[in-house]
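Student: Here's a structure for you.
The values are calculated or read from the model by the stated rules, or taken from the named source; none is laboratory data. Worth saying up front: this structure is predicted, and the values here are computed from it rather than measured. Cβ: placed from backbone, ideal geometry, glycine included. Neighbour counts: every protein chain shown. Quick note on the areas: whole protein, heavy atoms, side chains included, nothing else; ligands and nucleic acids left out. Shrake-Rupley method; radii C 1.70, N 1.55, O 1.52, S 1.80 Å.
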Amino acid sequence: MENLEKQLICPICLEMFTKPVVILPCQHNLCRKCANDVFQAANPYLPTRSGSLTSGGRFRCPSCRHEVVLDRHGVYGLQRNLLVENIIDMFKQESSSSSRPTSESKEEMPMCDIHKEEKINIYCVTHSVPTCSMCKVFGAHKDCEVAPLSSISQEKRTELSDGIAMMVGNNDRIQGIVSQLQEACHVIEENGRRQKTKVCERFDQLYSMLEEKKREMSQKVTAKQEEKVNYIQSLTRKYGDHLEESCKIVERGIQTMEETGMAVFVKNAKDLLKKIEDASSTAHLDKVERGYEKMDHYKVDFRRERKALSSIDFIRDDDDKDEEEVDAEVGEGAQTVSGGTAVSETPGQPNAPQQITSSLSPTRSSAST
């Protein structure tokens, strides 16, 4: 019977199961009241009705720590263990039929250390120790307040049971908090990865726009370079042709100087002098003005852009609408990096300055990225 009684003890209240007895999915049993207490301790924020939980939740079995998930009926949705209830009824009937002196005779009571033949059967409230009757009458506890050992035992059992139940509930609550914190860490890591991906995408877009603008501006410089080089090469060819013609005239002049016949010399010299006069003039050839070969007027000023880029930061919540408007403008063909006014050159205006200044709006730098 003692072994049977141990099997009928609730792990929460440490007393025999009280009806109704509920069976958990892990096949362990609890008093419904104890199960409800553990459930409330593990789910302190779930709504209640008339002091009892009626919504779904979860808690852990105090015997095996198996997680019990409840439906919307809460503890009242657990199945009753009618077999255990019937065994409890039979055990109580058998216990009531047996005599009390027989059960007391089987109980082993410790003996007093001072009075070897006296059993410890009372409790000294003053010193908080169990003692025997002889110590109360004649011994060290004769002036102390005493109480029956059975009542003190029941009181301490109740306190211990309440303490265990409180610790079980507290442990389940802490376990729930730990699970929530772990889930929060997972969510933070996932959100961080997603936001870093978005930031990288925005920077890639900015890189693409800068590369495109660099390509356009480089093409302008290259076009002007080719234009000037072609113009200089054409002048080189013209001056080369003129020099070649002048050399031929010089050779004819030397040959004419060797002529001994005066009549022939005078006739040839007249024509040759005319050609020398024409060849000595370069008025028909274009002149390259000073500074035509310079290209330093194609320069850029990135001071504003550098300041704007250094001020890039995450936008505030009230900037979300502005960011959407900027994105819409970009989709319609607007560019964040805008070129300044370029003054075109012609061969007749070799020194016309051209300055291209790209600018980023510092006030919208964070939204555009």
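Student: Got at least one residue in the stretch 218-238 being touching a residue at least 60 places away in the same chain (Cβ under 8 Å), assigned to a helix (DSSP H, G or I) and under 30 Å from GLN195 (Cα atoms)?
Tutor: The answer is no, given that none of the residues of the stretch 218-238 is touching a residue at least 60 places away in the same chain (Cβ under 8 Å), assigned to a helix (DSSP H, G or I) and under 30 Å from GLN195 (Cα atoms).
Student: Scan the stretch 302-331 residue by residue and report those that are exposed (fewer than 14 other Cβ atoms within 10 Å of the Cβ), assigned to a helix (DSSP H, G or I) and modelled with pLDDT of 80 or more.
Tutor: Answer for the stretch 302-331, where residues must be exposed (fewer than 14 other Cβ atoms within 10 Å of the Cβ), assigned to a helix (DSSP H, G or I) and modelled with pLDDT of 80 or more: ARG303, ARG306, LYS307, SER310.
Student: Open to solvent by 70 Å² or more (accessible area, probe 1.4 Å), at pLDDT below 85, touching a Pro at 6+ places or on another chain (Cβ under 6 Å) and in a loop (DSSP other than H, G, I, E, B) - does that describe any residue in the stretch 287-298?
Tutor: Yes, the conditions are met somewhere in the stretch 287-298.
Student: Among the numbered conditions (1) open to solvent by 50 Å² or more (accessible area, probe 1.4 Å); (2) farther than 30 Å from LEU285 by Cα; (3) in a helix (DSSP H, G or I), tell me where GLU245 comes up short.
Tutor: The failed condition is (2).
Student: Pairs only if they're at least six apart or on different chains, beta carbon under 7 angstrom, first in the stretch 7-21 and free of Cβ contacts under 8 Å to residues at least 60 places away in the same chain, second assigned to a loop (DSSP other than H, G, I, E, B) and of a type in the set (Lys, Arg); list them, first residue then second.
Tutor: none
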